[in-house]
């Protein structure tokens with residue numbers, strides 16, 4: 001538990017630094033200009049400081065407050081954070097216009113004070129209005145019904161007798177201050193409606209302790225699948241007490257795969273399902289991904305499907321002959337164009353892709369983390385429909 005607290009403290013420190021930088025940029029572009037008046041500058045600066053402190057304080061306090069108070073604080077702080085991120089991306093787009101105006105003033109006639117004031121006010125007003133609209137659309141997308149998408153996947157070693165086998169994947173639900181029991185009940189109903197052969201939960205299920213969230217994950221016990229419900233840890237489980245959550249999920253009838261595999265089916269009509277700990281879990285005693293251990297002694301003529309939270313774990317999967325890896329973690333970027341930054345850390349962002357002879361499907365996330373917004377990147381429940389044959393990707 002102490003390691004979880006330390007891990008969360010490091011995360012909070014790094015995240016707070018990024019939030020401070022974000023608000024410094026917003027202040028510089030939307031507030032600092034003296035052309036907008038001293039009163040605007042004074043009150044805008046106070047607002048930027050206050051809003052910049054809101055999210056780190058909210059993240060810290062939400063772990064100490066009762067759920068009702070923590071939820072209210074989280075909604076306020078995360079909503080503002082989402083708006084701030086949208087404003088940041090919109091302002092980046094105005095840098096081209098600012099550069100053009102600067103070039104004209106440098107090589108031609110300088111802009112008059114009146115024109116500079118007009119331009120500053122026009123950018124602030126335009127970005128503000130558009131930011132509110134985009135944030136509203138993103139909010140509606142995040143809290144609305146989760147879409148169900150069917151993805152056919154062909155695997156060379158997959159048994160023809162199991163053709164059409166359905167793995168329903170959910171990932172990155174982030175049950176916590178803003179997502180709870182009623183939302184999860186709807187997700188569970190949508191999953192069960194797909195008549196899954198397997199349900200795969202690929203990490204980042206929770207943001208909070210078992211004591212705080214047991215009631216809100218209870219609907220998971222109602223998941224129905226012919227061959228069972230399986231879970232692998234994500235990085236957020238390690239901020240929330242991974243060992244306690246592993247034990248609790250097992251009490252709900254969910255099989256937690258920790259560097260191990262199980263056989264699905266019988267005889268020739270079978271394949272291996274493997275699962276590994278999250279990529280970042282090696283810092284915790286008794287944890288850490290070990291795909292070689294999970295696959296040790298397996299029949300290499302049999303197909304293997306791997307559950308691994310982070311797409312970067314495909315490096316080992318390819319080396320060890322995995323046919324298909326199911327991952328999450330990226331949220332598909334969640335707020336466009338953040339996905340371009342995610343790609344600096346992860347080799348795959350969303351959808352079905354391929355690395356060598358290994359295919360990977362990266363779920364865009366069933367829930368969301370942080371801002372209750374999804375801009376250009378809808379949430380999903382993935383129905384992975386397995387077929388025998390040569391891969392299409």
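Each reported figure results from applying straightforward, stated rules to the coordinates on display, with no laboratory input. As the structure is a prediction and not an experimental result, all values here were calculated from the model. All Cβ positions, glycine included, derive from the backbone under ideal geometry; neighbour counts span all protein chains shown.
Dividing the convex hull volume of the alpha carbon atoms of region 173-292 by its residue count gives 99 Å³ per residue. Return one number: the angle in degrees, 0 to 90 and rounded to the nearest 10, between the long axis of the Cα atoms of helix 181-192 and the longest principal axis of the Cα atoms of the chain. It is inclined by approximately 50 degrees. Springs between Cα atoms under 10 Å define the GNM used for the chain, and in it the highest mean-square fluctuation of 162, 349, 79 occurs at 162.
The translational diffusion coefficient of region 148-221, from Stokes-Einstein at 37 °C and 0.692 mPa s with a Kirkwood hydrodynamic radius over alpha carbon pairs, comes to 236 µm²/s. Of all DSSP-defined beta bridges confined to region 147-388, some 35% are antiparallel rather than parallel.
What number, rounded to the nearest 500 deg cm²/dmol, is the helix-based mean residue ellipticity at 222 nm of the chain, given -39500 (n - 2.57) per DSSP H run of at least four residues and division by all its residues? Numbers along the way, then the final one.
On the way: 10 runs with 170 residues, N = 393.
Value at 222 nm, helices only, nearest 500: -14500 deg cm²/dmol.
For region 147-388, relative contact order (Cα pairs under 8 Å, six or more residues apart, normalised by length) works out to 27 percent.
From Cα pairs below 8 angstrom and at least 6 apart in sequence, can you work out the relative contact order of region 309-357, rounded to a whole percent? Don't skip to the answer; put the middle values down first.
Working: 44 pairs, mean separation 21.5, N = 49.
Worked out over region 309-357, it gives 44 percent.
Using the Kirkwood radius over Cα pairs, work out the Stokes-Einstein diffusion coefficient for region 223-369 at 37 °C and 0.692 mPa s, in µm²/s as a whole number. Estimated diffusion coefficient is 207 µm²/s.
The convex hull defined by the C-alpha atoms of region 313-393 has an orientation-averaged projected area of 5.7 nm².
Computing Rg and Dmax of the Cα atoms in Å directly from the structure and comparing it against (1) 22.3, 68; (2) 23.6, 82; (3) 25.7, 89 singles out (2).
Residue exposure proxy: 246, 143, ordered by other Cβ atoms within 10 angstrom of their Cβ from fewest to most, comes out as 143, 246.
Which of the peptides 56-66, 174-184 is most tightly packed, and how do the rest follow, going by the mean number of other Cβ atoms within 10 Å of each residue? List each step's numbers first, then the result.
Values: 56-66: 15.9, 174-184: 20.1.
Descending mean neighbour count gives 174-184, 56-66.
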